[in-house]
Each structure stands twice: as structure tokens, then as C-alpha cells.
Amino acid sequence: MEFKLIAFGFFLLFSRINAFVLNENSSQSEVPTFRVTTIYSPPWITDRDAKLSGFLVAMLDAMKQYSNFEYELNLAKDGRYGAPDANGTYDGMIGELMRGEADLAVADLTLTEMRSKVIDFSIPFISTGIGLIVKRPPYFLDLDAVETTNETVIGEEVHRPMVFYPVSSIADLPKQNIVKYGAVDGGSTLQFLTTTKDPEYHKLSAHLLENKDDMPKSYTEAVQRVIQANGKYAFFMEGTSADYYLGTTCDLIQLGDLIHHRVYAIGLPKNSKYKSTIDRAILHLHETGKLAQLKNDYFPPPSACYVAFDSVYSRSALRVLREAVEE
């Protein structure tokens, strides 16, 4: 009788252990589905046939094949990357991560010290910098009517080509008042300019903060404004996105070199248990050359009509005046 009770006890213990192991294996085999928030920003995220696509969708698809997960992709409710208000409450994708409304923020999201205090970041998937884009020259000034060989025309505008351009580098921007300039409202570029200790760049932030109308909500809106402004509006844009627009249109040109090199990474809630999964997937894409391949696929080389800005305006008006005074 005692033997039967002991045997029955071992049977119950074995059954419980076996059930525990089965449950563990079952939970490990479950494929997680991530709620992913993003921003519409071609070619990172675009829509084709009413479906989100682009570089980042292709990257996510490659990552899930390696790490075995699913995802649901949605645009951020307010269409913003994420910045704190006066009370320290974040909006945009970062706010959604902090409130538990999303598991991943996958976008052209810059890894910054300020953001890393409130969310975690994966290892970077691409590096870039900040560029300044303007409309492709030549530019024309709208002048009041002047006397012609036949008669004086009053009340009409006459277009005259701009011989000199008042800006030859980013450093010239705060020294003139002809060309307005902006950055994405609430983006990392604005954050950099307002927090940098470099006095040359910090001067730009005062203008940006005082002229909110010069800060569009998206790159798409910014590009339209740059093209329509006839050289009188310049825009700070991440270098990789600038490469995309320079490669797809003849209407834009980059002024000067990139500044403040930075990286893009995937955002996660603080202490997310999936960070190592995401890190390993990105590292795999780096090592296999998949990310380099995607960049070649989605970021075309400069368009055939591309010309260097300096070949049209080799010296700015400010520089010409400065040289004249020195002589």
C-alpha cells in the first residue's frame, strides 16, 4: 500500500513537471506581435496601393524572418516624432512608447541623449548627418517695374536673375535676412540646434524658435515649400532623406556639407524584454549586408540633372562684400 502511494506521488510530481515543461515550450514557441508606430516620411515609410511600404517595412520584414515575430504597423496619431511639452510630457511616437500604446517606434528616429532618458534604443541601423537643402538655382528677384527702351511700365513686376546668393554655408544663415530657414517642428535637428554648445549653430535656434511658421510638420511639406520659395527658404534635413529627394527631383540642391553626424535606431519602452531580440536582428542585417542592399534599393544616386551649388554661385554676396572691404 505504501509503495502504491509513493508511486502515485511520483506520478503526480512527474505530471506537474511535464505540464510545466509543456507550458514553457508552448510560451517560447508563441510568436510575439509587436505594435509598431511610425511616421510617414518617404522613402522610409510611404504608401502604395493604400498600404504602408518603404525602406523600414522591408527592414522589418527581414528582421522578422530572422527573429520570428509579427508586427502591426500604424502611423503615429499626431504624426510627430516626439518632444516634451512644458510639463515634460512627450507627444508623438515617443509618447506612445511611454504610455504603453506601442512596442516599437520604427522610423527615421534619431538616437539622442534626451530621448534615451525616457525610452530605450536598439543598436543603430543607419548613420547620417544634417544637411541644408534649397531650390536648385538659378534664382530670380521680383523687382518693381523699371524704365524700358520704349516706355515705363508701372505696377508690374520684372524678374531679374540673382547674380549672388546671400548664403554659401550654414554659418551664413543668421547673418542675412533674405533667405528664411526651418527644420521639422519637434524633430531632433531642432533639438540639436537649441541645445548645442557650438555658438555658430546655436545662433540658428533663436530664429527657428521665434519663427514657428518656418517649421513644417514633415519633410513632404518642407520640400514643397523649398521648391516654391525660389531660393528664399532653406530647410535642415537629415542627410539620408536629403539624398533621397536629391535623387528623385531636379528642383533641389544641397548647400554645403553635412554637419552633426548621428544615427537612427528603433525606439522601445524602457526596460523592454524584446530589446535583445531587436538588437540581434539588426546586427544580423548589418553582418549579412542586407541593410546596405536596402539603402541602395531605396536611396537612388543623385539625379542626372544634379549640379554642384558652387558651380552656379561660387561665392556668396556676403563673402564678396567682405573681400571688397579687405581690399
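Applying the condition of being surrounded by fewer than 20 Cβ atoms within 10 Å (Cβ to Cβ) and either aromatic (Phe, Trp, Tyr) or under 27 Å from residue 127 (Cα atoms) (or both) to the stretch 169-185 and asking which residue is nearest to the chain's Cα centre (by Cα) yields 185. Condition check: at pLDDT below 90 and surrounded by 13 or more Cβ atoms within 10 Å (Cβ to Cβ). Does residue 158 satisfy that? Judged against the criteria, residue 158 is a match.
Could you tell me whether residue 61 is assigned to a loop (DSSP other than H, G, I, E, B) and surrounded by fewer than 20 Cβ atoms within 10 Å (Cβ to Cβ)? When the stated conditions are applied, residue 61 does not pass them.
For the stretch 97-120, the candidate set comprises residues that are assigned to a loop (DSSP other than H, G, I, E, B) and without any contact (Cβ under 8 Å) to a residue 60 or more places away in the chain; within that set, the residue that is surrounded by the most Cβ atoms within 10 Å (Cβ to Cβ) is 99.
Just one of the listed residues (123, 133, 94) is in a strand (DSSP E or B) and in contact with a helix residue (DSSP H, G or I) (Cβ under 8 Å, 6 or more places away or on another chain), namely 133.
Listed here are the residues, each with its yes/no results for (1) at pLDDT below 90; (2) part of a loop (DSSP other than H, G, I, E, B); (3) touching a helix residue (DSSP H, G or I) at 6+ places or on another chain (Cβ under 7 Å).
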| site | (1), (2), (3) |
| --- | --- |
| 223 | no, no, yes |
| 231 | yes, yes, no |
| 247 | yes, no, no |
| 253 | yes, no, yes |
| 260 | yes, no, yes |
| 270 | no, yes, no |
| 278 | no, no, no |
| 281 | no, no, yes |
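Filtered by the rule that a residue be surrounded by 15 or more Cβ atoms within 10 Å (Cβ to Cβ) and either modelled with pLDDT under 85 or of a type in the set (S, T, N, Q) (or both), the stretch 202-212 gives 202, 205.
The values are calculated or read from the model by the stated rules, or taken from the named source; none is laboratory data. Here the structure is a predicted model, which means the values were calculated and not measured. Methodologically, a virtual Cβ is constructed for each residue, glycine included, from the backbone with ideal geometry; neighbour enumeration extends over all protein chains shown.
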